[in-house]
Amino acid sequence: RAKLDGRNTFRFFTPEMQAQSVRALQLENALRRALERNQFELHYQPQITIATGEVRSLEALLRWDHPELGRISPAEFIPVAEDSGQILQIGEWVLRTALAQLQAWRAAGLPQLSLAVNISAIQFHQPQLPELVSRILAESALPPDSLELELTEGVAVDDPRAAIATMDQLHARGVRLSMDDFGTGYSSLSHLKRFQIYKLKIDQSFIRDLDHDSNDRAIVSAIIRMAQALGMRTTAEGVETEAQLAFLREQGCDEAQGYHFSPPLSAANVEAYLLHRRR
Ligand code: C2E
Ligand code: MG
Ligand code: MG
Ligand code: MG
């Protein structure tokens, strides 16, 4: 990403690039106050076990409503928070808030539920991460396997051995790891077999055109079979239609997540959704 770091480089900026970096600066400043002003909220998207229709886990997704800038997508502000280092504080808030919510749900009679939380590569590379995760789990008195951390393939690009060591540490503490957006990153299969990964989340770009793209069908079916052979589970992301679900069921995919079942919901709406599904 380009930065305004000197007069000599400034003149190579196109007006569009300049507008982008002004926006990034604006977001970075607004982010500084977002936590203390309670502008963040977590929404939760159900992950459906295809074979049974049960919801055993939900993915926590961060929402930011700014009084003047409106709702800003995590796809836009997470990279800004990563560049500025703010992701560490925000990520800790996400973990704490998600686990407090899970504890409340479990106490309210949903004992089987678990939560998935997205972990940025910057967080993953903090040596204190395993300790932090254990501490927050202990605060909420939840079993470690009720927490799933979603990593992306990018965590292992620069230093695969270090990434494997961190995954081993997290695994040893009992949390589950999943590989998010699988198939879009740079992970090599030789590393994948050494990752302590519990589940592969098949990226929504492969699911979107399943109905009419035979290449996507081949890729999705190959990912599912590879995961099965490696002892990993699979979750399809961005499932929007019954036809996509039918294909995934036929191929033996374990879980589906997407608008076909539910968009990400506020905590209050999750309870209503789960009650409704049980009937
Ligand atoms: P992700 O982890 O791959 O999350 C899935 C995204 O797909 C979410 O977008 C979700 O709302 C969206 N989605 C779910 N079902 C469907 C569907 O059927 N169709 C389509 N088109 N989209 C669907 P969202 O919430 O905007 O988040 C975007 C990305 O931002 C996430 O991708 C994740 O990488 C990042 N993110 C979100 N929350 C956090 C967080 O707490 N921490 C970190 N580090 N990253 C986060
Ligand atoms: Mg995710
Ligand atoms: Mg994803
Ligand atoms: Mg994504």
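A few notes on this one:
- Residue that is surrounded by the fewest Cβ atoms within 10 Å (Cβ to Cβ) [pool: residues in segment 232-256 that are among the charged types (D, E, K, R) and within 16 Å of ligand 3 (Cβ to nearest atom)]: GLU240
- Taking the conditions (1) at pLDDT 95 or above; (2) more than 16 Å from ligand 3 (Cβ to nearest atom); (3) crowded, with 20+ Cβ neighbours inside 10 Å in turn, LEU115 satisfies each one other than (2).
- Looking across segment 188-202, the residues that are part of a loop (DSSP other than H, G, I, E, B) and either crowded, with 22+ Cβ neighbours inside 10 Å or at positive phi (or both) come down to PHE195, ILE197.
- Of all residue pairs spaced 6 or more apart or on separate chains, those with beta-carbon atoms under 8 Å, a first member in segment 144-172 that is in contact (Cβ under 8 Å) with a residue 12 or more places away in the chain and a second member that is among the basic types (Lys, Arg) and surrounded by 22 or more Cβ atoms within 10 Å (Cβ to Cβ) are GLU148/LYS199; GLU150/LYS201.
- Condition broken by GLY183, with the remaining ones in (1) under 24 Å from SER84 (Cβ atoms); (2) modelled with pLDDT under 95; (3) within 16 Å of ligand 3 (Cβ to nearest atom) satisfied: (1)
- Candidates GLY185, GLY252, GLY231: the one that is touching an Asp or Glu at 6+ places or on another chain (Cβ under 7 Å) and under 27 Å from LEU147 (Cα atoms) is GLY185.
- Residue among LEU110, LEU102, LEU69, LEU95 that is surrounded by 15 or more Cβ atoms within 10 Å (Cβ to Cβ), touching a residue at least 40 places away in the same chain (Cβ under 8 Å) and more than 23 Å from LEU151 (Cα to Cα): LEU110
- Those residues of segment 212-225 which are in contact (Cβ under 8 Å) with a residue 24 or more places away in the chain and either in contact with a Phe, Trp or Tyr (Cβ under 9 Å, 6 or more places away or on another chain) or under 14 Å from ILE197 (Cβ atoms) (or both), in sequence order: ARG217, ILE219, VAL220, SER221, ILE223
- The listed residue being within 15 Å of ligand 2 (Cβ to nearest atom) and in contact with a strand residue (DSSP E or B) (Cβ under 8 Å, 6 or more places away or on another chain), out of ALA75, ALA34, ALA98: ALA98
- Qualifying residues in segment 110-158 (those that are assigned to a helix (DSSP H, G or I) and of a type in the set (Gly, Ala, Ser)) - the one nearest to PRO264 (Cα to Cα): SER146
- Yes/no for GLU68 being of a type in the set (Asp, Glu) and closer than 24 Å to VAL239 by Cα: no
- For segment 208-217, the count of residues that are aliphatic (A, V, I, L, M) and either within 16 Å of ligand 2 (Cβ to nearest atom) or outside any loop (DSSP other than H, G, I, E, B) (or both) is zero.
- Pick from segment 246-271, criterion among the hydrophobic types (A, V, I, L, M, F, W, C) and part of a loop (DSSP other than H, G, I, E, B), ranking: nearest to LEU99 (Cα to Cα): PHE261
- Looking only at segment 229-245, and only at residues there that are free of Cβ contacts under 8 Å to residues at least 40 places away in the same chain and either assigned to a loop (DSSP other than H, G, I, E, B) or more than 22 Å from ARG208 (Cα to Cα) (or both), the one that is farthest from ligand 2 (Cβ to nearest atom): ALA229
One line per residue, one yes/no per condition, for (1) small (Gly, Ala, Ser); (2) closer than 20 Å to GLN257 by Cα; (3) touching a Leu at 6+ places or on another chain (Cβ under 8 Å); (4) surrounded by fewer than 22 Cβ atoms within 10 Å (Cβ to Cβ):
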| site | (1), (2), (3), (4) |
| --- | --- |
| VAL155 | no, no, no, no |
| ASP159 | no, no, no, yes |
| ALA162 | yes, no, no, yes |
| HIS171 | no, no, yes, yes |
| MET179 | no, yes, yes, no |
| PHE182 | no, yes, yes, no |
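The values are calculated or read from the model by the stated rules, or taken from the named source; none is laboratory data. Owing to the predicted nature of the structure, the values given are computational and were not obtained by experimental measurement. All Cβ positions, even for glycine, are placed from backbone atoms using ideal geometry, and neighbour counts span all protein chains on display.
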